[in-house]
1. Report the one residue of Gly303, Phe284, Met330 whose Cα lies farthest in the direction of the positive end of the charge dipole of the range 278-419 (charges on C-beta: Lys and Arg +1, Asp and Glu -1; origin at the Cα centre).
2. Take Tyr182 and Asp149, extend 7 Å from each Cα along the Cα→Cβ direction, and tell me the distance between the two endpoints in nm.
3. For Ala359, list long-range residues whose amide hydrogen, built 1.01 Å from N in the peptide plane, is under 5 Å from its own amide hydrogen.
4. Could you derive backbone 3J(HN,Hα) for the range 339-350 from the dihedral phi with the Karplus parameters 6.51, -1.76 and 1.60 (θ = phi - 60°), listing whole Hz in sequence and x where the residue is Gly or Pro?
5. Arg148 accessible area, nearest 10 Å², 1.4 Å probe?
6. What is the set of long-range amide H partners of Ala138 at a cut-off below 5 Å, with H atoms built 1.01 Å from backbone N?
7. Which value, in debye to the nearest 20, gives the size of the charge dipole of the range 319-419 about its Cα centre, when Lys and Arg are +1 and Asp and Glu are -1 at the Cβ?
8. With a 1.4 Å probe and every protein chain left in place, tell me how much accessible area Thr163 has, in Å² to the nearest 10.
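The values are calculated or read from the model by the stated rules, or taken from the named source; none is laboratory data. Quick caveat: nothing in here was measured; it's all calculated off a predicted structure. All Cβ positions, even for glycine, are placed from backbone atoms using ideal geometry, and neighbour counts span all protein chains on display. Ligands, DNA and RNA are stripped out before the accessible areas are found, and what is left, the full protein with its side chains, is counted by its heavy atoms. Shrake-Rupley method; radii C 1.70, N 1.55, O 1.52, S 1.80 Å.
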Amino acid sequence: MFPMLKPPLTIGLCTQVVSTARGTVHVGIALLFAVLVTACGGGEAQGDAVQLDRAPQKEVVGTAGPQSVPGAFRKEAEIMEAAAVLNRQELDKAALAQPLQPMQQTAGSTEPRTLNAVTKAATASVPVYRFYNASTGAHFYTTSATERDSIRARLPSYSYEGTAFEALAQAGTGLAPVYRFYNTQTGVHFYTISESEKNLVRDSLPQFHLEGVAYYASQVAATGFRPLYRSYVLNKGFHFYSVNASETAGLAQYRAEGVGYYVVGTAPEPDPGTADATCQLANFQVDLMQQINAARAVARSCGSTARPAATAVSWDAALAAAAARHSSDMAQNNFFSHTGSDGSTVGLRATAAGYSWSAIGENIAAGHTTVSEVMTGWLSSEGHCNNIMNSAYTHVALACVAKPGTTYTRYWTMVLGRH
């Protein structure tokens, strides 16, 4: 047996995700790494770098790739895909229409802006209970405690899963009604906060019966609210809703549709490992911004790809939270991959952090000790360099989380994005 020498510097997978239209996601992946082993006498292995200018295969974020849809649900699935786009467009329009609070400055950081248009009526909030129907594979949601207790007593095929999230029972400033449909073919309910989506489903799918307003929620992110994510189950013809973006991540039969709307509550507290997302390096954020914008200011060759100069990017607090989550996950669980230990992807992590993106990308690395080292490594790698020089991106964030005793000690994540 030959011992394996731990490489002092490791450049990881380079993932590029670009969406040119809401609902069309282009994905390219390149494997670029350096490993030193005595059994081989030392060496370097490099895979094919991602080509950002070609048209890659169309995929759906949150799935394992394009999936076939049973004939019985094909028309409905196509209409529901178009309806989901309408919902996203309506949420984006609502967000753009809201005034923003000033940036809050704290020592060494800038807090994200928060929307001030929504007021939470705490006394009117109600729990939304969730059941799993083992006979259909669908989930059932209700705000009625009486209905909850009746189902638990009379329907053994329904497994009670507790409170899924909190909603509002009454209308209020900045709130919108969430409509409920009943699908007579599947026996499952569909929920939407979008008027345009509601109208499309009502007019195009006669099996969906509009039952009225289920509760109230927000179309925009705001203090005291958290995103509720929705997925369409391709082989079953119904939707799944959860405040946990990673609950269906990586499950091929679930077509992730992003945020459905925002419900009462706050996102889970970050892992303890994210308390220090700078590896205790002084001037961490300043160094990154100076170096990445200096790199983007000049044309360069990223391996075999010639890249023109790109405009400067700005630091984004939501992307910083997504980067910190992934670096902490890698450090705490001692692994090195773009896929989180919970199955999450960079797109899901950015969305969970509150970043509404049309383009998203991620570079990871491990073992480096300074911002300069990791930037040098990425710029020397074609795929990572292409990410850094991509003019599609307007925002960036970097995180480094250290945990002694792990394989590489320090774990780095850079996330780049555009709204």
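1. Result: Gly303, furthest along the dipole toward the positive end.
2. 2.3 nm
3. Ser19, Arg418
4. 8, x, 5, 8, x, 6, 10, 4, x, 5, 5, 5
5. About 50 Å², rounded to the nearest 10.
6. For Ala138, the qualifying residues are Asn133.
7. Roughly 160 debye, rounded to the nearest 20.
8. 70 Å²
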